[in-house]
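The values are calculated or read from the model by the stated rules, or taken from the named source; none is laboratory data. All values reported here derive from a predicted model rather than from experimental measurement. As a convention, Cβ positions derive from the backbone with ideal geometry for all residues, glycine included, and neighbour counts pool all protein chains shown. In case anyone asks, the SASA skips ligands and DNA or RNA and just uses the protein heavy atoms, side chains included. Shrake-Rupley method; radii C 1.70, N 1.55, O 1.52, S 1.80 Å.
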Amino acid sequence: NPVMEAFGNAKTVRNDNSSRFGKFIRVWFNNVGKMAGGDIETYLLEKSRVTYQSPNERSYHIFYFMITHKVDLHSFLSDNIYDYPSVSMGKVKVESIDDEEEMQIMDEAFDILGFTYEEKFDVYRVSGVCMILSKLEFQGMGEVASPKTLDAGNIVNEVLNCAPSGEEIYDRFINPKFKVGAEWVNKTQNVNSVTVAVGSIIKNIFGRLFRYLVDMCNNTLIDPTMKKVNFIGVLDIAGFEIFEFNTFEQLCINFVNEKLQQFFNHHMFVLEQEEYMREGIEWVSVDFGMDLAACIELFEKPMGILPILEEETIYPKASDQTFEEKLKAR
């Protein structure tokens, strides 16, 4: 599916077209065994890749496809990928991928999937906004931030028409509203907090856009007139990779993959070998080695890495440093 690949695949150190999300694909059948359609469930999309890339990696293909202007429904973008800081931290060109050709293929795939012109344009528009938001610049000393320039905010507002002015977009990041009891109060943010907030919004927008695309694709795969009784499922796990610097999503991907591997080993080998022994079959037990059960326990046990992280998210003044201190104290 060119659409899912464009929005869910990216270049990593080891793979030029690595799937950065997991998916469970079901093919449904009715009560007489006739195919009734299919659907996709996704999980663990690596959203941090939208705002950060290692030197030899790049973000999701869609951003580099759009910058070619091969299908020019996004004239609000320049033709220079380096104008957009969040998607130009690593490699911006992959030798094995022709971005212009792939943009054309993806655009045609939208038509095949039944997207209207307006729906397709909105997808490109929201994708472009993720790039433009990274151009928002702030300055300031101490606890008070201010816009460095209004240019990017004006472009975002021109594309989305979501605020009275571009300056208002900056103000929403600098002076966000919080609900305290029954009252809404404004809190002034410093430059660091504003920068984190912009990155969070970009990742959230892209995550929601990806979920929307999955839902739209599912609508084309299912036949609502047929009853769905049984299915054949295929689990396509996300890429297990270990880098010098691993993002939180990559750690979660590796954790989930190892849990699945343990499940597979237990049911396909351990229990099977026990069955052989009970039946008196001559069998030399296989030692699987590299059993990472201890690593799994480190993550999910009470007061392990994930429980401590969840606890830290509750405290307003929690930081990377306080999280690190709690981990080391255990």
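For the stretch 306-318, in order, what is each residue's ³J(HN,Hα) by Karplus, 6.51 cos²θ - 1.76 cosθ + 1.60 with θ = phi - 60°, in whole Hz (x at glycine and Pro)?
Residue by residue, the stretch 306-318 yields 5, x, 5, 4, 4, 5, 5, 5, 7, 8, x, 9, 5 Hz.
Which of (i) 22, 28, 14, 14, 16, 6, 0; (ii) 24, 52, 22, 2; (iii) 26, 51, 19, 4, 0 is the computed P(r) over Cα pairs in 20 Å bins from 0, in percent for the structure on display?
Looking at P(r) over Cα pairs in 20 Å bins from 0, in percent for this model, the match is (ii).
Determine the alpha carbon to alpha carbon distance for each of Lys135/Lys317; Lys135/Lys187; Lys34/Lys228 and list only those over 19 Å.
Lys135/Lys317; Lys135/Lys187
Per residue of the chain, what 222 nm ellipticity follows from adding -39500 (n - 2.57) for every DSSP H run with n ≥ 4, rounded to the nearest 500?
After summing the helix terms and dividing by the residues of the chain, the value is -14000 deg cm²/dmol.
Could you state the accessible area per residue of the chain in Å², with a 1.4 Å probe and every protein chain left in place?
Ligands and nucleic acids excluded, the result is 58 Å² per residue.
Could you tell me which trypsin sites (Lys or Arg not before Pro) in the stretch 76-182 are loop residues by DSSP with no more than 11 other beta carbons within 10 angstrom of their beta carbon?
Sites meeting the loop and neighbour criteria: Lys93.
Pick out which of Ser127, Ser96, Ser86 has the largest mean-square fluctuation in a Gaussian network model of the chain, springs linking Cα atoms closer than 10 Å.
Comparing Ser127, Ser96, Ser86 in a Gaussian network model of the chain, the most mobile one is Ser96.
Return the aspartates and glutamates within reach of Lys148: Cα separation strictly under 17 angstrom, same-chain partners fewer than 8 residues apart disregarded; answer none if there are no such residues.
Within the straight-line limit of under 17 Å, Lys148 reaches these aspartates and glutamates: Asp83, Glu137, Glu167, Glu168, Asp171.
What does the charge count near Ala36 come to, summing +1 for each Lys or Arg and -1 for each Asp or Glu among other residues with Cβ under 10 Å from its Cβ?
My count for the surroundings of Ala36 gives +2.
Treat every Asp and Glu Cβ in the stretch 1-115 as -1 and every Lys and Arg Cβ as +1, leave all other atoms uncharged, and give the resulting dipole magnitude about the Cα centre to the nearest 20 debye.
Using Cβ point charges on Lys, Arg, Asp and Glu, the stretch 1-115 gives about 660 debye.
Sequence neighbours fewer than 8 away in the same chain don't count; with that in mind, list the aspartates and glutamates whose C-alpha is under 19 Å from Lys11.
Counting by Cα, and skipping residues close in sequence, Lys11 has these aspartates and glutamates nearby: Glu46, Glu57, Glu95, Asp98, Asp99, Glu100, Glu101, Glu102, Asp236, Glu241, Glu244, Glu249.
Mind listing which GluC sites (Glu not before Pro) in the stretch 1-96 are in a DSSP loop and have 15 or fewer other Cβ atoms within 10 Å?
Glu95
How would you rank 182-194, 243-255, highest first, on the average number of other Cβ atoms within 10 Å across their residues?
So the peptides 182-194, 243-255, ranked by packing, come out 243-255, 182-194.
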